[in-house]
1. Out of B:Val78, B:Thr44, B:Leu61, whose Cα points farthest toward the positive end of the dipole of the range B:4-147 (charges: +1 Lys, Arg; -1 Asp, Glu; placed on Cβ)?
2. Looking only at B:Pro103, B:Pro90, B:Pro32, which one moves most when chain B is put into a Gaussian network model with springs between Cα atoms under 10 Å?
3. Report, as a whole number in µm² per second, the diffusion coefficient that Stokes-Einstein gives for the range A:56-141 at 10 °C and 1.306 mPa s using the Kirkwood radius over alpha carbon pairs.
4. So what is the relative contact order of the range B:4-147, in percent, for Cα pairs below 8 Å that sit 6 or more residues apart?
5. At most 14 other Cβ atoms within 10 Å plus a DSSP loop assignment makes a site exposed; report the longest stretch of chain B without any exposed trypsin sites (Lys or Arg not before Pro).
6. Taking the Cα centre of the protein assembly as shown as origin, sum charge times position over the Cβ atoms of Lys and Arg (+1) and Asp and Glu (-1), and report the length of that vector in debye to the nearest 20.
7. Along the three principal axes, how long is the range B:54-123 when you take its alpha carbons, biggest first, rounded to the nearest angstrom?
8. Where in the range A:1-79 are there trypsin sites (Lys or Arg not before Pro) that are in a DSSP coil and have at most 14 other Cβ atoms within 10 angstrom of their Cβ?
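Just so it is clear, none of the values below were taken in a lab; they were calculated from the coordinates. Here the structure is a predicted model, which is why all the values come from computation and not from measurement. Every residue, glycine as well, gets a Cβ built from its backbone with ideal geometry; the counts of neighbours run over all protein chains shown.
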Amino acid sequence: MNEYSLLLTLLLPLVGAVCLLLGHRSLALQRAGGIVFSSVTFALSLYLVYVVDQAEFVVIQVGDWQAPFGISLVADRFSAIMVAVSSFMGAAVALYALAEIDEARLKKFFFPLYLILLFGVNGAFLTGDLFNLYVWFEIMLIASFVLISMGGEKGELEGGLKYVCLNLLSSVMFLAGAGIIYGKTGTLNMADLAHNLSVAEDVNWVISSSMLLLVSFGLKAGIFPFFFWLPASYHTPPSAVSAVFAGLLTKVGVYALFRSYTLMFVPIFPEVQPLILVLAILTMVTGVFGAASHFDMRRILSFHIVSQIGYMILGLAFMTPLALAAAIFYLVHHIIVKTNLFLVSGVVIRLKGSCDLAKVGGLCRSAPWLAFLFFIPAFSLGGIPPLSGFWAKFALVKSGIEIESWWSVAAALLVGVLTLYSMTKIWGEAFWKQQPEGVGAGPLPNPVGRLSYMVAPIAVLAISTVAIGLFGEPLFNYAERAAAQLLSPHEYISAVLQPNTEVLP
Amino acid sequence: MKYFILNQASRLLFPALLILSLIVLYRGHNLPGGGFIGGLLAATAFILVGLGDSMERAKELLRIEPVKLMALGLLVAVVSGMPSLLRGAPFMTSEWLPGFALPLIGKVHLGTPLVFDVGVYMVVIGFALHTTFSLSELAYTEIEEHEE
């Protein structure tokens, strides 16, 4: 039965996309289908988390071709929680899209592409094969290419072009790295790779391909020095699209980094660790400075994605049980909060016609409910107790102190303060100050759907941020169990490889 | 403008290409061919009619919207993975009907991999024709704008 929960979670968005393509004439069906399929996927993914937590691993050998010959789908605790959170965002943003995605975009297959995007993201989390991971990346990217440039306006196309070029470059690096690994070991199954590398006499050759993969995943995740495309493209599409991109796509890169360095590249990790640590610190610092220098709400938020990615990579670089648990907790917290902030920026655009901080103001008086809903995720991102961001940062800093990595602890604390500074900047400019005279564009003409469709998902995400902050212990315990799993890769290997099918390279 | 020779040739080649595409589709499991190449061949049959006669004629011959064909193809491909679930085997495990002999063709094996290939075949036809039809519409509107 366990296999079915994995399979259904994975396939349902695809089936949804098929149904919506079949009924592409009816816009009502598109809207309803988008919500129904993403919500049911979310429900199934919660069940998957439960099942995986009980059974440790759920493995499907697709087509009954045993690993390492076939393609394995593997869910461990880390991938299950990632699938659950991303499906949660999928469902929330689908509702939000009702109020923002216009008819022209719906007719250009917005919802089928959206579901394909979720399909690709979930597939990337669940695959146990390196080349198959590449394929899931491509599924996700092709859908995202269309979603990011769907409007066909100049700004969108410019952002989309940067996004496409950089991601193609990243795919080339990925293929090169995977190709070298395949040439040397003769396998692409992650578990088999990890096994072969752990028993090999000389593993230094794998550093080159691990670096290629680091660059590739780093480009997707937006780590230093590969983040420049991210703030240049994420502010152009509709907020529903940039919210789901901000929440999910970079996290797939982070997930891939975690997976490769806790599973395949364990033997060479000590040599790469200083590099990852430095990259993490630089990512945090440059991201937050970039945010401080910008004055457009969505650009500020985009730079904050970069700096927050640094925290997660820092957890990977520490590689202690507490640090990995903190990083997983951080991922969950960050996906929810960041998606929420982008959704809020969409409401600001709707009410004020812009999210350039110089042109908006007075929202605290004209829309106090929005100010409240912004306050929660913004100050959670800044790490104010008792919101979820505080515990994520607290656990990460604590793990840094435990291994006496003072520089990174100092950087993490400094970046936390600066994050708070730029959240306060948005607060002060957009919400607190008076509406500046003569520059505001006024509310958007002809909004697509009711405002409540936008507010409901924002409220739900804000409530879950508060809930994670106040009652976060079960989630943190789960993250600790997931981290324990990541730190004992032999369990993953033996769960995927059947005992009698060992193949020598 | 219709070219007489292309027009006449497309009428003859249309069924021939479709039959060829089906043959390529069928042999694809063990020999060069398969759903992708078969689908491309079938799409060229329709595109040839579109060029030799008109895109409207090609659309009539296809009978179904290309987008729906794509969707149905995806559905067929997904469903082709399901039969093995009934007997508890993993998703996408090949299930074969017992082989039987037919005159002319020889021994026939039918199974889920062929169904999957049919799905790919439909997706490829749908994708290629959706692209072609959209591009041809775009071309016509540009010519009209130019004439105005």
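1. Farthest along the dipole direction, towards plus: B:Val78.
2. Ranking B:Pro103, B:Pro90, B:Pro32 by mean-square fluctuation puts B:Pro103 first.
3. On the way: Rh = 14.2 Å.
This corresponds to a translational diffusion coefficient of 111 µm²/s.
4. On the way: 202 pairs, mean separation 39.3, N = 144.
Once divided by the residue count of the range B:4-147, the mean separation gives 27 percent.
5. Looking at chain B, B:88-148 is the longest stretch - no exposed trypsin sites (Lys or Arg not before Pro) with at most 14 other Cβ atoms within 10 Å.
6. 960
7. So the three principal-axis extents are 46, 34, 12 Å.
8. Answer by residue number: A:Arg25.
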